[in-house]
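Below is one structure; the comments refer to it alone.
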Amino acid sequence: MSVQVESAGFAGAAAASVLPTLAADKVASRLFAHDDTLWGEEARSEASIRLGWVDAVQVSRPLVGRILALRDEFRGVGLDRVVLCGMGGSSLAPEVIAASAGVPLVVLDGTAPGQVARATGTGLDRTVVVVSSKSGSTLETDSQRRAFEAAFEAAGIDPAERIVVVTDPGSALETYAEEHDYRVFLADPHVGGRYSALTAFGLVPSGLAGADIEALLNEAEIGVQQCLEDSEENPSLRLAAALAGGAPARDKIGIFSDSDRIVGFPAWAEQLIAESTGKQGTGLLPIALTGASPEVVDPSRVPEDVTLVRVTDDPRPVSGELVGISGSLGEQLVVWEAAVAVAGRILGINPFDQPDVESAKAAARDLLDHRPEAEPARFSEDGIQVRATFPLTATTLDAAVAELASRVDGHHGYLAIQAYVDREAASALTALRPAAVDGLARPVTFGWGPRFLHSTGQYHKGGPRTGVFLQITAAPRADADVAIPDRPFSFGELIVAQAQGDCAVLAAHGLPVLTLEVSGSLLEAGERIAAAFRRLEPGA
């Protein structure tokens, strides 16, 4: 299969205006030759150490045999449940690879106590845990590792028999793993997390879970060959031009997949685009859509500043305002990585740094160290405490939602819904996004906290200051909390600090945040919040 990228409407015209220059400047061949001058002099120091991903297919080939041998070893002793502890680039790609292959992989990329308790308290007798962190110091991943070590030991299981580590050479995690006799896979340190899909970070968890990673690399190699040519037919150039071209470019990208063989792809693309482009007051805001999303069901409802992208595995004609990209999963991973790097050049930013990601992490750590008293709620309604970082006159939930909605710019703004709760137990909260789309007629994103901090969090702080934010948190419950071994805080305290820290950073950027802390049923609260958004519709 070869990747096909077709675009119509504004995106088609934008692509046509940019493609000749990209081809003439030999951007494609320079990219795959590790040319660190493509993004300007200021970006060279970072780009020079972040282009290893263009060689990932070949570099990763020797890993396949090791991964498959370890999978066979585990299965031979009845270990068939694979849990991945990782955040951002360490979890999003393997989640997509495993889901697309139809193999089970438990992804623990949150700090909600209930989520941690289920992961560590289920099927330990047949569980293997992959601990993935480039730096080796990611707070969430470190905490999850500690929880699994304690759970294994309590069950009389040697953690060294069950824990596999994926990290960069020289990290603190590598040292720790060697001291504890854990199996270790080292990744290329010249690959950033969001570009690591085809490295050990993407391949080890999905391969152990049962995905055909050799076939994936074969697909990716075909994708690489298609991305090398300095031609207007190059799919990565065509996609980059459609996404970032135009004067000005449309700055929001709605992504959906309608293929059974490419599952969950928008969530992976979300991080790649947001962290790569959302900085210096510019960027492209990705919006992960599902097949039931209002924008997909009725594309005429898509705001004018949104480009709609369909990801599929077979070529189809496009019409109206749509970009279509078809190809296998391996091909798509390569093409999107290259396209987003080229989009950075078009936008005039460095696609390899993430200057604002650390801010929320630092704020959370400070809150854990100092434990200030929680800010009093503005008011409470039926088990929902309401707080705001902006002047709020409302005394009812409906009115508070309406006041937040009034701050969404009708031409350029967007709403980000951020749910710092157990995403497995509260999955129904995703229905809030289409409800908010109905009420606002503006782009709406939905993110699980703290997962999104490693994804769209960079765009929220570094991109255009057009966001309005709705935080949903769960009131802490001591009887449902989970301790973090050898830490002075629990998972419940950690997720609260992460929500409060992110809220504080957004407020410091002058961005409005409405926080709804739910002490009762999250399902019932979600239904009430959704109803409040729907009542914003004219005539409702």
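The values are calculated or read from the model by the stated rules, or taken from the named source; none is laboratory data. Values in this document were obtained by computation on a predicted structure and should not be read as measured data. Backbone-built Cβ (ideal geometry, glycine too); neighbour counts: all protein chains shown.
For A56, are the conditions met, namely being within 30 Å of G254 (Cα to Cα) and within 28 Å of the chain's Cα centre (by Cα)? Quick ask: steps written out before the conclusion?
Values: within 30 Å of G254 (Cα to Cα): yes; within 28 Å of the chain's Cα centre (by Cα): yes.
Yes; evaluated as a whole, the condition is true for this residue.
Provide a single number: the residues in the range 187-226 that are farther than 24 Å from P104 by Cβ and not in a helix (DSSP H, G or I). Working first, answer last.
Pass one, the range 187-226, residues farther than 24 Å from P104 by Cβ: 188-192, 194-195, 221-226.
Next, only the ones that are not in a helix (DSSP H, G or I) stay: 188-192.
Qualifying residue count, the range 187-226: 5.
Residues to consider are D479, D438; find the one that is out of contact with any strand residue (DSSP E or B) (no Cβ under 6 Å at 6 or more places or on another chain), closer than 30 Å to D305 by Cα and not in a loop (DSSP other than H, G, I, E, B). Let's see the steps before the verdict.
Numbers: D479 fails: closer than 30 Å to D305 by Cα.
Every option except D438 fails the conditions.
Here's the yes/no breakdown for (1) touching a His at 6+ places or on another chain (Cβ under 7 Å); (2) among the small types (G, A, S); (3) assigned to a helix (DSSP H, G or I):
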{"site": "L494", "(1), (2), (3)": "no, no, yes"}
{"site": "D502", "(1), (2), (3)": "no, no, yes"}
{"site": "L514", "(1), (2), (3)": "no, no, no"}
{"site": "R528", "(1), (2), (3)": "no, no, yes"}
{"site": "A532", "(1), (2), (3)": "no, yes, yes"}
{"site": "L536", "(1), (2), (3)": "no, no, no"}
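Looking at A400, is it outside the structural domain of A247 (by TED's automatic domain parsing), surrounded by 23 or more Cβ atoms within 10 Å (Cβ to Cβ) and of a type in the set (G, A, S)? First the steps, then the outcome.
Numbers: outside the structural domain of A247 (by TED's automatic domain parsing): yes; surrounded by 23 or more Cβ atoms within 10 Å (Cβ to Cβ): yes; of a type in the set (G, A, S): yes.
The answer is yes for A400.
Answer yes or no as to whether A363 is assigned to a helix (DSSP H, G or I) and closer than 28 Å to T199 by Cβ.
Working: assigned to a helix (DSSP H, G or I): yes; closer than 28 Å to T199 by Cβ: no.
In short, no.
Being buried (at least 18 other Cβ atoms within 10 Å of the Cβ) and either assigned by TED's automatic domain parsing to the domain that holds S276 or of a type in the set (A, V, I, L, M) (or both) is the filter; apply it to the range 380-397 and report the residue that is farthest from A474 (Cα to Cα).
Among those residues, the one meeting the criterion is A394.
Scanning the range 283-301 for residues that are within 22 Å of the chain's Cα centre (by Cα), surrounded by fewer than 23 Cβ atoms within 10 Å (Cβ to Cβ) and β-branched (V, I, T), which turns out modelled with the lowest pLDDT?
T290
Within the range 114-153, restricting attention to residues that are in a strand (DSSP E or B) and not hydrophobic (A, V, I, L, M, F, W, C), which residue is farthest from the chain's Cα centre (by Cα)? I'd like the intermediate steps shown before the answer.
Step one: list which residues in the range 114-153 are in a strand (DSSP E or B), which gives 127-133.
Checking the rest, the ones that are also not hydrophobic (A, V, I, L, M, F, W, C) come to 127, 132-133.
Details: T127: 25, S132: 15, S133: 15 Å.
Ranking the candidates gives T127 first.
Using beta carbons and a limit of 9 Å, which pairs, at least six apart or on different chains, have the first residue in the range 70-84 and over 21 Å from S132 (Cβ atoms) and the second one at pLDDT 95 or above and outside any loop (DSSP other than H, G, I, E, B)?
Final answer for the pair search is V77/E161; G78/D125; G78/R126.
In the range 101-126, how many are more than 19 Å from D422 (Cα to Cα) and surrounded by 23 or more Cβ atoms within 10 Å (Cβ to Cβ)? Even if it seems obvious, please write down each step before you answer.
Filtering the range 101-126 down to residues more than 19 Å from D422 (Cα to Cα) leaves 101-104, 123-126.
From what is left, the residues that are surrounded by 23 or more Cβ atoms within 10 Å (Cβ to Cβ) are none.
Within the range 101-126, residues that are more than 19 Å from D422 (Cα to Cα) and surrounded by 23 or more Cβ atoms within 10 Å (Cβ to Cβ) number 0.
Take the residues in the range 241-261 that are in contact with a Gly (Cβ under 9 Å, 6 or more places away or on another chain) and among the hydrophobic types (A, V, I, L, M, F, W, C), then tell me which one is surrounded by the most Cβ atoms within 10 Å (Cβ to Cβ).
Among those residues, the one meeting the criterion is A242.
Only one of V408, V386 is of a type in the set (A, V, I, L, M), modelled with pLDDT of 95 or more and not in a strand (DSSP E or B); which?
After ruling out the rest, the residue left standing is V408.
Counting only residues that are among the polar types (S, T, N, Q) and part of a strand (DSSP E or B), how many does the range 234-272 have? Working first, answer last.
Taking the range 234-272 first, the residues among the polar types (S, T, N, Q) are 234, 236, 257, 259, 271.
Narrowing further to those that are part of a strand (DSSP E or B): 257, 259.
So the answer is 2.
When residues of the range 482-528 are filtered for being on the phi > 0 side of the Ramachandran plot and either in contact with a strand residue (DSSP E or B) (Cβ under 9 Å, 6 or more places away or on another chain) or not assigned by TED's automatic domain parsing to the domain that holds L453 (or both), how many remain?
First, pick out the residues of the range 482-528 that are on the phi > 0 side of the Ramachandran plot: 486, 510.
Adding the requirement that they be either in contact with a strand residue (DSSP E or B) (Cβ under 9 Å, 6 or more places away or on another chain) or not assigned by TED's automatic domain parsing to the domain that holds L453 (or both) leaves none.
Count: 0.
Out of all the residues in the range 484-540, which are acidic (D, E) and at pLDDT below 95? Give the steps one after another, and end with the answer.
Narrowing the range 484-540 to residues acidic (D, E): 486, 493, 502, 517, 524, 527, 537.
Correct list: E537 only.
Among (1) under 26 Å from R316 (Cβ atoms); (2) at pLDDT 95 or above; (3) among the hydrophobic types (A, V, I, L, M, F, W, C), which single condition is L208 missing?
So the condition that L208 fails would be (1).
If you take the residues in the range 65-79 that are among the aliphatic types (A, V, I, L, M) and buried (at least 17 other Cβ atoms within 10 Å of the Cβ), which one is nearest to A211 (Cα to Cα)?
Pass one, the range 65-79, residues among the aliphatic types (A, V, I, L, M): 67-70, 77, 79.
Add one more test, that the residue is buried (at least 17 other Cβ atoms within 10 Å of the Cβ), and what stays is 67, 70, 79.
On the way: I67: 11, L70: 13, L79: 16 Å.
Only one residue tops the list, namely I67.
Restricting the range 437-467 to residues that are of a type in the set (A, V, I, L, M, F, W, C) and in contact (Cβ under 8 Å) with a residue 40 or more places away in the chain, which is nearest to S196 (Cα to Cα)? Before you say what the answer is, go through the steps one by one.
Residues of the range 437-467 that are of a type in the set (A, V, I, L, M, F, W, C), as a first pass: 437, 440-441, 444, 446, 448, 452-453.
From what is left, the residues that are in contact (Cβ under 8 Å) with a residue 40 or more places away in the chain are 437, 440-441, 444, 446, 448, 453.
Details: V437: 32, L440: 36, A441: 35, V444: 27, F446: 23, W448: 21, L453: 18 Å.
Out of the qualifying residues, it is L453.
Specify the residue that is nearest to R433 (Cα to Cα); the eligible residues are those in the range 287-322 that are part of a strand (DSSP E or B) and in contact with a Gly (Cβ under 8 Å, 6 or more places away or on another chain).
Taking the range 287-322 as the starting set, the residues that turn out to be part of a strand (DSSP E or B) are 287-288, 306-312, 322.
With in contact with a Gly (Cβ under 8 Å, 6 or more places away or on another chain) added as a condition, the list becomes 287, 306-310, 312, 322.
Values: I287: 10, V306: 16, T307: 18, L308: 16, V309: 18, R310: 19, T312: 23, L322: 21 Å.
If we take residues in the range 287-322 being part of a strand (DSSP E or B) and in contact with a Gly (Cβ under 8 Å, 6 or more places away or on another chain), then I287 is nearest to R433 (Cα to Cα).
Name the residue, out of V306, V297, that is without any contact (Cβ under 8 Å) to a residue 24 or more places away in the chain, hydrophobic (A, V, I, L, M, F, W, C) and not assigned by TED's automatic domain parsing to the domain that holds F446. Show your work before the answer.
Details: V306 fails: without any contact (Cβ under 8 Å) to a residue 24 or more places away in the chain.
Residue meeting the stated conditions: V297.
Conditions (1) of a type in the set (D, E, K, R); (2) under 30 Å from D398 (Cα atoms); (3) without any contact (Cβ under 8 Å) to a residue 60 or more places away in the chain; (4) in a loop (DSSP other than H, G, I, E, B), marked per residue:
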| position | (1), (2), (3), (4) |
| --- | --- |
| I325 | no, no, no, no |
| G330 | no, no, no, no |
| V340 | no, no, no, no |
| R345 | yes, no, no, no |
| P351 | no, no, no, yes |
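List, please: which pairs have Cβ atoms under 6 Å, are six or more places apart or on different chains, and start with a residue in the range 31-55 that is part of a loop (DSSP other than H, G, I, E, B) and end with one that is of a type in the set (A, V, I, L, M, F, W, C) and crowded, with 16+ Cβ neighbours inside 10 Å?
H34/L51; D36/A47; W39/A47; R50/F352
With the requirement that a residue be buried (at least 20 other Cβ atoms within 10 Å of the Cβ) and out of contact with any helix residue (DSSP H, G or I) (no Cβ under 6 Å at 6 or more places or on another chain), what does the range 350-379 give you?
K361
So which of Q280, Q332 ends up being in the same structural domain as A249 (by TED's automatic domain parsing) and on the phi > 0 side of the Ramachandran plot?
Numbers: Q332 fails: on the phi > 0 side of the Ramachandran plot.
Result of the check over Q280, Q332: Q280.
Could you give every pair whose Cβ atoms fall below 6 Å, whose first residue belongs to the range 225-244 and is touching a residue at least 60 places away in the same chain (Cβ under 8 Å), and whose second residue is among the charged types (D, E, K, R), counting only separations of at least 6 or pairs across chains?
That search, which allows pairs on different chains as well, returns D230/K26.
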